[in-house]
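First the structure, in the form of structure tokens, and then the observations on it.
Values in this text are rule-based calculations from the coordinates and carry no lab data. Source: prediction; values computed, not measured. Reconstructed Cβ throughout: ideal geometry from the backbone, glycine too, with neighbour counts over all protein chains shown.
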Amino acid sequence: MYCTMIPTILLQASPVGSALKALLETLSTPAGLIGGTLGIVVLAAVVLRREGAFLGGTLVLILMTMMEQENRYFDNTLIGPLQKLRDVARIGSVALLVALTINLTLAPRNSRKRRLSFAMIAFLLFETYYLGRLALHGEATRAAFGWLTDLLVFASFGLGFGKKLDTPKDFERFVGMFGVASLVFIAFNVIQLVLGYSFAIAGGRFAGISGNAQLAGYVCAVFILFNTHIYSSSSFGSYKRYLYAIAIGFLAVFLLWSGSRTSALCCVTGLLVYFRLRIGTLAVLAALAGIVLTVVAALFTESLGGVDRFLQGENTRREIWMQLLDEFYSAPLFGAMSGRAGIVSASESSYLTTLALLGIVGAIPLALLVGGIFSSGVRALFARRSGLVPPLQADLILGSIPVIIIGSIFEGFFLGILAFSVIWIYAFMALAAYVVERASEPPPSDEDDEAYLVVETESESDDDDGRSYNEAVSTDSDTQRM
């Protein structure tokens, strides 16, 4: 009797209960059985193949962009195949994270000595404290699931991929996971718009497969930054240069259509920091992506309606922010989480939500986290000047910081549980840790490793966009050095 009751209770209480039920229902159909078999094959490939980690990381990023969201205002049911994929996205993501962690744990150690950064530790401590408070609030199952998934993300995207980041070429492969994920994201959204348009638009704003306009916009902002780096580090004749320019055009349309002012600000600020020494290159990219944007906008004429929201200047967060401040004032030391009824959720600001829910005590690890992120940026700037790190890679770290910091001002990204934002932040920390350590080590003496290390002499001219670096990481030791 008790043996049959326990699974039932878990299905009802667990945050993945509904996803598990959907998975079991899906597997009971012939198509679901085929899909389940394929999923097992993919998991085996992620665990057993030497480069399976990059496959697993890409798939996790894709699933994170289409995770089920709470929709109180519109029906975001996707077309059949995409909805089936979304139904198993949570369970699938956890399974992939486990497979990723196993692969990266078993991977041989590389020459790096410091894969763990202060920012990673601070983020893990902050999430642990937040989830611990959730458990005390009566959401023990949700907190346990959150802590498990956070540990898996930390062990894989944060610490684990450090074993795969040993050369500038490895850095580009890691970034390439975001590039491939963005292409799939675009394809899925186009399919959804063509076959299920009304379920992808909420109040005139683009939500796509993400189920939320704010999330869709922020995903686009992150993907645009990473695709910009792939574009910039590709040689002029490379297909990647034109493929990702087109992708940036599509993502720009989705971003404008989402009407997310936060995401637009993150995107623009991140690109300006990334291209601060190459404004001419930014202009060329903007022209290429602008052509695609114009064509796509002509096909979906209502897509530019989101621009009106940027120009309205309406403060939609003031009321929520004032409420969060009132909660903080009522319990400044430990926060007002214990006084809240129902399920606790992150509101319109990571910082104000932290003060409201966790008080000053909870704000301490958050302050350490933000300090660690800014410290990574300062050290990346010195790394760029050291000549031991390809400048574009250091610039990607610098450009990512405003995307994280500005986004967290207006959204509760730091308090996410198995969310795109959490994975992206840990990925940023892994890349930043590599760049910082690379600059602190003496130049490699191994001839093969030198083939991957390019010391660019910055002319700071508009034409210098770092294209020679991509050539360097794909050729032999006779690579032309700039």
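Counting other Cβ atoms within 10 Å, which chymotrypsin sites (Phe, Trp or Tyr not before Pro) in segment 176-277 have at most 10 and lie in a DSSP loop?
236
What are the ³J(HN,Hα) values, in whole Hz, obtained from phi via the Karplus relation 6.51 cos²θ - 1.76 cosθ + 1.60 with θ = phi - 60°, for each residue of segment 112-122 in sequence order, with x given for Gly and Pro?
6, 9, 10, 9, 9, 10, 4, 5, 4, 4, 5
Counting other Cβ atoms within 10 Å, which trypsin sites (Lys or Arg not before Pro) in segment 53-107 have at most 14 and lie in a DSSP loop?
In loop regions of segment 53-107 (DSSP not H, G, I, E or B), the sparsely surrounded trypsin sites (Lys or Arg not before Pro) are 72.
Tell me which residues come under 5 Å, amide H to amide H, from residue 202 once H is placed; ignore anything under 5 positions away on its chain.
Hits under the 5 Å cutoff: 207.
What residues qualify as long-range amide H neighbours of residue 259, i.e. H under 5 Å apart, gap of 5 or more or another chain, H built at 1.01 Å from N?
Residues meeting the amide H criterion: 206.
Towards the positive end of the charge dipole of segment 85-153, with charges on Cβ (+1 Lys, Arg; -1 Asp, Glu), say which of 110, 149, 92 has the farthest Cα.
Most positive-ward Cα: 110.
With each label point set 7 Å from Cα along the Cα-Cβ vector, what nm distance links residue 194 and residue 33?
3.2 nm
May I ask you to evaluate 6.51 cos²θ - 1.76 cosθ + 1.60, the Karplus curve with θ = phi - 60°, for each residue of segment 320-330 and list the ³J(HN,Hα) values in order in whole Hz, giving x for glycine and proline?
Here the 3J(HN,Hα) series is 5, 4, 5, 5, 5, 5, 4, 5, 5, 5, 6 Hz.
Quick one: Karplus J couplings for segment 425-434, per residue in order, coefficients 6.51, -1.76, 1.60, θ = phi - 60°, nearest Hz, x for Gly and Pro?
With coefficients 6.51, -1.76 and 1.60, one gets 5, 5, 4, 4, 5, 5, 5, 5, 4, 5 Hz.
Less than 12 Å Cβ to Cβ from residue 109, Lys/Arg counted +1 and Asp/Glu -1: what total charge do the surrounding residues give?
+4
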